[in-house]
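As structure tokens, the structure follows; a few thoughts come after it.
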Amino acid sequence: MTTFRTRCHQSGVSALFTAAAIAATLAGCSMEDAICRGGEYPVMTVGATGSACVPDGKPPPEGYTRYPEGKVPRHVDDTWDVYWRTHTLDDKGNTIDAPAP
């Protein structure tokens, strides 16, 4: 009898988590980790692979620049996040291979 109750409880918990995941997906929520929080945009270090997040409406700090249009990483491990791990921009805005770590 105890085994039956435990299995029913586990099934109910699994169903609850599944329902929550489906609801988040249908509501437009992403399960991916965002590069920056809402109200911020990502910037990259000039000549290196560092990055930071800057509040919307503020300029990048010294030594940082905006990502090129259309090449902005949005989520951890997305195409552009992976790309910019091995590439960077020089001080003239040209894309170059990132220096070896």
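The values are calculated or read from the model by the stated rules, or taken from the named source; none is laboratory data. Here the structure is a predicted model, which is why all the values come from computation and not from measurement. Cβ atoms come from the backbone with ideal geometry, glycine included; neighbour counts cover every protein chain shown. For the accessible areas, the whole protein counts, side chains as well, though only heavy atoms, and no ligand, DNA or RNA atoms are used. Shrake-Rupley method; radii C 1.70, N 1.55, O 1.52, S 1.80 Å.
Checking residue 21 against (1) at pLDDT 95 or above; (2) at negative phi; (3) open to solvent by less than 50 Å² (accessible area, probe 1.4 Å), which single condition isn't satisfied?
(1)
So which residues in the stretch 72-89 are open to solvent by 60 Å² or more (accessible area, probe 1.4 Å) and under 15 Å from residue 36 (Cα atoms), if there are any at all? Give the derivation first.
Of the residues in the stretch 72-89, the ones open to solvent by 60 Å² or more (accessible area, probe 1.4 Å) are 74, 76-77, 79-80, 82-83, 85-86.
Answer for the stretch 72-89, where residues must be open to solvent by 60 Å² or more (accessible area, probe 1.4 Å) and under 15 Å from residue 36 (Cα atoms): 74, 76, 77, 80.
Before we move on, is residue 65 surrounded by 14 or more Cβ atoms within 10 Å (Cβ to Cβ) and over 24 Å from residue 32 (Cα atoms)? Don't jump to the end; show me each part of the working.
Details: surrounded by 14 or more Cβ atoms within 10 Å (Cβ to Cβ): yes; over 24 Å from residue 32 (Cα atoms): yes.
It is true that residue 65 is surrounded by 14 or more Cβ atoms within 10 Å (Cβ to Cβ) and over 24 Å from residue 32 (Cα atoms).
List pairs: first residue in the stretch 49-75 and among the aromatic types (Phe, Trp, Tyr), second residue open to solvent by 40 Å² or more (accessible area, probe 1.4 Å) anywhere in the structure, Cβ distance under 9 angstrom, at least six positions apart or on different chains.
Short answer, once both residue conditions are applied: 64/46; 64/51; 67/51; 67/80.
What number of residues in the stretch 34-49 are among the small types (Gly, Ala, Ser), in contact with an Asp or Glu (Cβ under 7 Å, 6 or more places away or on another chain) and either more than 20 Å from residue 88 (Cα to Cα) or modelled with pLDDT under 95 (or both)? Show your work before the answer.
Our first condition is that a residue be among the small types (Gly, Ala, Ser); within the stretch 34-49, this holds for 34, 38-39, 47-48.
So of that shortlist, the ones also in contact with an Asp or Glu (Cβ under 7 Å, 6 or more places away or on another chain) come out as 39, 47.
Narrowing the set further to residues that are either more than 20 Å from residue 88 (Cα to Cα) or modelled with pLDDT under 95 (or both) leaves 39.
Selection size over the stretch 34-49: 1.
Assess whether residue 7 counts as being open to solvent by 70 Å² or more (accessible area, probe 1.4 Å), of a type outside the set (A, V, I, L, M) and at pLDDT 95 or above. Please lay out each step first, then the result.
Working: open to solvent by 70 Å² or more (accessible area, probe 1.4 Å): yes; of a type outside the set (A, V, I, L, M): yes; at pLDDT 95 or above: no.
So residue 7 fails the test.
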